[in-house]
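Undergrad: Encoded as structure tokens, here's the structure I'll be asking about.
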Amino acid sequence: MKDIKKLNLLANDIRQDIIKSLVSAGSGHSAGPLGMTDVFTALYFEVLKHDSKKPWWDERDYFILSCGHICPVWYATLANAGYFSKSKLSTLRKLGSGLQGHPHKNSLPGVENPAGPLGMGSSLACGLAYGLRMDGKKNRVYCVVSDGEQEEGNTWEAVMWAGKNKLNNVTFIMDRNNIQIDGTTEDVMPLEPLAEKYKSFNWNVIEIDGHNIKMVIDACNEAKAINNKPTMIIAHTIPGKGVSFMENDYNWHGKPPSKEQAKIAIKELQHLRKDL
């Protein structure tokens with residue numbers, strides 16, 4: 001395992017890149033990308049089998065982003081992992097840019113799937129895992145989902161089907177930040193008890209602190225050892241993590257910082273970096 005301090009420092013860099021790309025775009029989502037940065041750092045720098053120089057390597061693990069609106073963290077992570085130049089991050093949501101507001105398959109090296117309607121990534125990931133198993137391949141599939149999309153019926157169709165087929169080669173990670181565009185999930189459409197729901201569909205469930213990179217890595221390794229069911233890792237996260245005026249405020253779900261707010265955010269992240 002890589003040094004956890006180095007991974008935490010890298011996550012801080014990625015958060016700063018997210019802020020810079022959002023302020024350049026003038027639109028986009030802030031809370032979710034900042035909240036999931038530690039999970040993405042763990043995945044791309046410790047968990048996933050991948051090669052930035054060979055993005056479509058046949059033996060790679062597949063990563064599917066179901067909640068496409070948090071793509072700024074995917075783009076920033078891919079850039080830091082060497083998939084493309086970090087200079088491209090300033091083109092987020094610009095006309096003709098591969099860094100689209102929701103990911104588009106093959107628009108960038110390493111972007112495996114399109115994502116717009118919430119919940120569609122769950123079915124995509126499960127179908128991909130089933131196909132890999134049919135072909136006798138050892139690749140694993142990882143899928144990041146949001147808690148808000150648990151309100152979508154197509155999510156549960158995929159969950160039920162994956163449990164029935166004992167898809168042990170797929171691991172879901174849920175961004176359990178308790179917010180969505182209209183407020184808190186428990187006010188809009190209560191989701192609890194989430195863990196029990198997944199267990200009832202024959203899933204292995206692990207709950208973690210989504211900001212503890214070692215816990216993310218350990219949970220993914222535990223999932224690899226489960227041989228008779230899929231795994232859901234419920235990662236409890238703080239939306240807007242690292243930026244005080246964004247944290248736990250659902251109003252930052254779907255808006256970017258202004259230039260002045262971005263300066264404050266970068267300064268806060270740089271200060272946090274000193275304590276890592």
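Undergrad: Six or more apart or on different chains, Cβ under 8 Å: which pairs go from a residue in the stretch 183-201 that's within 21 Å of TRP161 (Cα to Cα) and of a type in the set (D, E, K, R) to one that's surrounded by 13 or more Cβ atoms within 10 Å (Cβ to Cβ) and at pLDDT 95 or above? Could you list them?
TA: Filtered contacts from the stretch 183-201: LYS199/VAL205.
Undergrad: Just to be sure, is ASN154 crowded, with 17+ Cβ neighbours inside 10 Å and polar (S, T, N, Q)? Let's see the steps before the verdict.
TA: Working: crowded, with 17+ Cβ neighbours inside 10 Å: no; polar (S, T, N, Q): yes.
In short, no.
Undergrad: With a cut-off of at least 1 residues that are within 30 Å of LEU132 (Cβ to Cβ), name the helices (runs of 4 or more DSSP H) lying wholly within the stretch 169-276. Steps first, answer last, please.
TA: Working: elements: 185-188, 194-200, 213-224, 259-274.
Where helices (runs of 4 or more DSSP H) fall fully within the stretch 169-276 and carry at least 1 residues being within 30 Å of LEU132 (Cβ to Cβ), they are 194-200, 213-224.
Undergrad: Look through the stretch 39-57, keep the residues that are hydrophobic (A, V, I, L, M, F, W, C) and closer than 15 Å to ASN106 by Cβ, and return whichever of them is nearest to the chain's Cα centre (by Cα).
TA: Only one residue tops the list, namely TRP56.
Undergrad: Looking at LEU99, LEU108, which one is touching a Gly at 6+ places or on another chain (Cβ under 6 Å), part of a loop (DSSP other than H, G, I, E, B) and either surrounded by 20 or more Cβ atoms within 10 Å (Cβ to Cβ) or not hydrophobic (A, V, I, L, M, F, W, C) (or both)? Walk me through it before giving the result.
TA: Details: LEU99 fails: touching a Gly at 6+ places or on another chain (Cβ under 6 Å).
None of the other options fit; the residue is LEU108.
Undergrad: Within the stretch 63-71, identify whether any single residue is surrounded by 23 or more Cβ atoms within 10 Å (Cβ to Cβ), of a type in the set (Val, Ile, Thr), under 20 Å from HIS102 (Cβ atoms) and touching a strand residue (DSSP E or B) at 6+ places or on another chain (Cβ under 6 Å), and answer yes or no.
TA: Yes, the stretch 63-71 has at least one match.
Undergrad: Tell me which residues, restricted to the stretch 161-180, are surrounded by 14 or more Cβ atoms within 10 Å (Cβ to Cβ) and out of contact with any Asp or Glu (no Cβ under 9 Å at 6 or more places or on another chain). Steps first, please.
TA: Let us first name the residues in the stretch 161-180 that are surrounded by 14 or more Cβ atoms within 10 Å (Cβ to Cβ), namely 161-163, 165-180.
Those that are surrounded by 14 or more Cβ atoms within 10 Å (Cβ to Cβ) and out of contact with any Asp or Glu (no Cβ under 9 Å at 6 or more places or on another chain): TRP161, ALA162, GLY163, ASN165, LYS166, LEU167, ASN168, ASN169, VAL170, THR171, PHE172, ILE173.
Undergrad: While we're looking at this one, here's another question. Would you mind telling me which numbered condition in (1) within 15 Å of the chain's Cα centre (by Cα); (2) on the phi > 0 side of the Ramachandran plot ASN202 fails?
TA: Tallying (1) within 15 Å of the chain's Cα centre (by Cα); (2) on the phi > 0 side of the Ramachandran plot, ASN202 fails exactly one: (1).
Undergrad: List, please: which pairs have Cβ atoms under 6 Å, are six or more places apart or on different chains, and start with a residue in the stretch 28-48 that is closer than 12 Å to ASN12 by Cα and end with one that is of a type in the set (Lys, Arg)?
TA: Within 6 Å, the pairs are LEU34/ARG15; LEU34/LYS241; GLY35/LYS241; THR37/ARG15.
Undergrad: Sticking with this one: Being under 24 Å from LYS6 (Cα atoms), of a type outside the set (A, V, I, L, M) and crowded, with 24+ Cβ neighbours inside 10 Å is the filter here; which residues of the stretch 18-37 pass it? Give the derivation first.
TA: First pass over the stretch 18-37, keeping only residues under 24 Å from LYS6 (Cα atoms): 18-21, 30-37.
Those left that are additionally of a type outside the set (A, V, I, L, M): 20-21, 30, 32-33, 35, 37.
Passing the criteria: SER21, SER30, GLY32, PRO33, GLY35, THR37.
Undergrad: Follow-up question, since we're still on this one. Of all residues in the stretch 125-156 being part of a helix (DSSP H, G or I) and more than 18 Å from PHE201 (Cβ to Cβ), which is nearest to the chain's Cα centre (by Cα)?
TA: Taking the stretch 125-156 as the starting set, the residues that turn out to be part of a helix (DSSP H, G or I) are 125-134, 148-151, 153-156.
The next check asks that each one be more than 18 Å from PHE201 (Cβ to Cβ); those that pass are 128, 131-134, 148.
Numbers: LEU128: 18, GLY131: 23, LEU132: 22, ARG133: 24, MET134: 27, GLY148: 13 Å.
It comes out as GLY148.
Undergrad: So, one more: Count, please, the residues in the stretch 38-53 that happen to be under 22 Å from HIS211 (Cα atoms) and part of a loop (DSSP other than H, G, I, E, B).
TA: Initial filter on the stretch 38-53 (under 22 Å from HIS211 (Cα atoms)): 38-49.
Next, only the ones that are part of a loop (DSSP other than H, G, I, E, B) stay: 48-49.
Residues that pass the stated criteria total 2.
Undergrad: Any idea which of (1) assigned to a helix (DSSP H, G or I); (2) crowded, with 24+ Cβ neighbours inside 10 Å; (3) of a type outside the set (A, V, I, L, M) is the one SER87 doesn't satisfy?
TA: (2)
Undergrad: Could you say whether any residue in the stretch 192-203 is closer than 21 Å to ALA11 by Cβ, crowded, with 18+ Cβ neighbours inside 10 Å and not hydroxyl-bearing (Ser, Thr, Tyr)? Give the steps one after another, and end with the answer.
TA: First, the residues of the stretch 192-203 that are closer than 21 Å to ALA11 by Cβ: none.
The answer is no, given that none of the residues of the stretch 192-203 is closer than 21 Å to ALA11 by Cβ, crowded, with 18+ Cβ neighbours inside 10 Å and not hydroxyl-bearing (Ser, Thr, Tyr).
The values are calculated or read from the model by the stated rules, or taken from the named source; none is laboratory data. Remember, predicted model here, so these are calculated numbers, not experimental data. Glycine gets a Cβ as well: all are built from the backbone with ideal geometry, and neighbour counts include every protein chain shown.
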